[in-house]
Amino acid sequence: MSEGSEIVLSYDEAAAVVRDHAEQVRGQPRPVERVALFAAAERVLAGAVKGDRDQPPFARAMRDGFACRAVDLQAGWLRVRGQLRAGEAWAGGAIGPGEAVEVMTGAAVPAGADCVVMVEHVSVAEGRMRLAGPRELAAGENVVPAGAEARGGDVVVPAGRRLGVTEIGAAAACGAAEVEVWARPRAAILATGDELVEVGEKPLVHQIRNSNSYSLAAQVHAAGGEPVMFPVVPDDARATERAIAEAAVCELVLLTGGVSMGKFDYVEQALTALGAQFFFTGAKIQPGKPVAFGKLRETYFFGLPGNPISTMVTFALFAAPLLRAMGGEDDAGPRFVLARVEEEVRVKAGLTRFLPARIESDVRGARVRRIAWQGSGDLAAAARANAFVVAPETAEGLAAGELASVLLL
Ligand code: AMP
Ligand code: MG
């Protein structure tokens, strides 16, 4: 594309553009699939899971102990009327004054009783029990009232949630043996470059392996999409046009390489020839400055710079949030966390930098350390990293001990 039509944005501006489009695509209707809950982990819920009954469905004992009326406990000995396990129905009628029932955790507290005294806190003798020491119990202690967690018919997991561990557990408790999830959006992966050979082939000394298609496929999958691999596109204007036109049957087209100012970078030119609309053609970031985002008729595309780490970072920053939104996810990212900087990082101001880093965490929090690299082609350094530490556009780096934002993949 000609220099006059370049649209180069700051990181924040570019992220806001993607966010706006993500909002638009999230609202659009998508096909729904019914899947077994067992196979639904990491899918995005299309139909809310509602409680099929109150939760808990009965007043639930939270401890092993004795169910009784809290006011009776100061009076001394209470008569133990029987024992009640989890899963057992009490047939003995309401608990009256001066009475108790031995209950196990998970049992349905009989009517009349309003608390459970922990077994550790009582003395038991000859069919009676009392508090073992000075202790006060309020009504409601160690009992979860029926319906306190959720009412029958309440939304327990809303549509748009990605089904993680907690959501799956909650859906199972609601009896949702099957759930409705959104179909995964299909993302075409097109690597460009005359130097590229497939991973299974033996490259000549001046050739390199097409690693980006693989890392992108992994990222697409992690973002809830279905990667669709296309053959490598040679550095040729017509071939690039043809390949893009073919790939545009997918909802998202991801191109890598060929978006810089080199003589044989044809991606933007081909997109322009096909009538594409560009929302930006660059961002003030490093790595990944030549990243392009736009739409070719109904299909969104990203032109991701070919250097492997640039591809990863620009996907995580811009493509992943759009793809997650296409998959119906309500919390589309990107994912940042704060971590304490272990060693000073010095860079020039003017670009927002995303530097390969290792983040480690324990119960006190997270620490981050930059990984030395040979620039944005250094996949070996990327493999030693597990995240990217952010050096803001306005600063000359990060001081040891400061809290920095860290991009997670
Ligand atoms: P480009 O963005 O096409 O100028 O490529 C920048 C650098 O990334 C060059 O060193 C390319 O060889 C390399 N590169 C481009 N595409 C890929 C790919 N699919 N896999 C690995 N490296 C690539
Ligand atoms: Mg290239």
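Could you please find all residues in the range 373-400 being touching an Asp or Glu at 6+ places or on another chain (Cβ under 9 Å) and open to solvent by 40 Å² or more (accessible area, probe 1.4 Å)?
Residues satisfying the conditions are Asn386, Glu393, Ala399, Ala400.
Is it fair to say Gly288 is open to solvent by less than 40 Å² (accessible area, probe 1.4 Å), under 17 Å from Ala14 (Cα atoms) and within 15 Å of ligand 2 (Cβ to nearest atom)?
Judged against the criteria, Gly288 is a match.
Could you list all residues from the range 236-264 that are among the hydroxyl-bearing types (Ser, Thr, Tyr) and open to solvent by 10 Å² or more (accessible area, probe 1.4 Å)?
Within the range 236-264, Ser260 is the sole residue that qualifies.
Could you check how many residues of the range 74-110 are aliphatic (A, V, I, L, M) and surrounded by 14 or more Cβ atoms within 10 Å (Cβ to Cβ)?
11
Residues that are away from ligand 1 (no atom under 16 Å from the Cβ), at least 3 per element: which strands (runs of 3 or more DSSP E) completely within the range 96-213 meet that?
Ranges flagged: 99-103, 115-118, 122-125, 128-131, 155-157, 178-182.
In the range 134-150, what residues are exposed (fewer than 14 other Cβ atoms within 10 Å of the Cβ) and at pLDDT 95 or above?
Ala138, Ala139 - these are the residues of the range 134-150 that are exposed (fewer than 14 other Cβ atoms within 10 Å of the Cβ) and at pLDDT 95 or above.
For residues that are in a loop (DSSP other than H, G, I, E, B) and among the hydrophobic types (A, V, I, L, M, F, W, C), scanning just the range 375-409, find the one that is modelled with the lowest pLDDT.
Leu409
When only residues in the range 330-353 that are part of a loop (DSSP other than H, G, I, E, B) and small (Gly, Ala, Ser) count, which is least open to solvent (accessible area, probe 1.4 Å)?
Ala332
List pairs: first in the range 18-40 and in contact (Cβ under 8 Å) with a residue 24 or more places away in the chain, second part of a loop (DSSP other than H, G, I, E, B) and open to solvent by 30 Å² or more (accessible area, probe 1.4 Å), Cβ under 6 Å, 6+ apart or cross-chain?
Pairs found: Leu37/Ala177.
Going through the range 186-230 one residue at a time, which ones are out of contact with any Asp or Glu (no Cβ under 8 Å at 6 or more places or on another chain) and either among the aromatic types (Phe, Trp, Tyr) or within 14 Å of ligand 2 (Cβ to nearest atom) (or both)?
Listed by number, the residues that qualify are Leu190, Ala191, Glu195, Leu196, Val197, Ser211, Asn212, Ser213, Tyr214.
Does the range 292-314 contain any residue that is under 21 Å from the mean Cα position of the chain (by Cα) and open to solvent by 10 Å² or more (accessible area, probe 1.4 Å)?
Yes: the range 292-314 contains one or more residues that are under 21 Å from the mean Cα position of the chain (by Cα) and open to solvent by 10 Å² or more (accessible area, probe 1.4 Å).
Return the total of residues in the range 13-70 being under 30 Å from Glu88 (Cβ atoms) and surrounded by 13 or more Cβ atoms within 10 Å (Cβ to Cβ).
So the answer is 23.
Which residue out of His221, His206 is assigned by TED's automatic domain parsing to the domain that holds Met312, over 30 Å from Gly164 (Cα atoms) and open to solvent by 20 Å² or more (accessible area, probe 1.4 Å)?
Exactly one residue qualifies, and that residue is His206.
Name every residue in the range 253-282 that is away from ligand 1 (no atom under 15 Å from the Cβ) and of a type in the set (Gly, Ala, Ser), in order of residue number.
Ala273, Gly275, Ala276
Condition check ((1) within 17 Å of Val119 (Cβ to Cβ); (2) not small (Gly, Ala, Ser)) across all residues:
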position: Lys50; (1), (2): no, yes
position: Gln55; (1), (2): no, yes
position: Ala59; (1), (2): no, no
position: Gly65; (1), (2): yes, no
position: Val71; (1), (2): no, yes
position: Gln74; (1), (2): no, yes
position: Gln83; (1), (2): yes, yes
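Would you check if there is a residue in the range 162-185 being closer than 30 Å to Asp236 by Cβ and among the aromatic types (Phe, Trp, Tyr)?
No, every residue in the range 162-185 fails to be closer than 30 Å to Asp236 by Cβ and among the aromatic types (Phe, Trp, Tyr).
The values are calculated or read from the model by the stated rules, or taken from the named source; none is laboratory data. Since we're looking at a predicted model, the values are computed, not measured. Reconstructed Cβ throughout: ideal geometry from the backbone, glycine too, with neighbour counts over all protein chains shown. Only protein heavy atoms, including side chains, enter the accessible area calculation; ligands, DNA and RNA are left aside. Shrake-Rupley method; radii C 1.70, N 1.55, O 1.52, S 1.80 Å.
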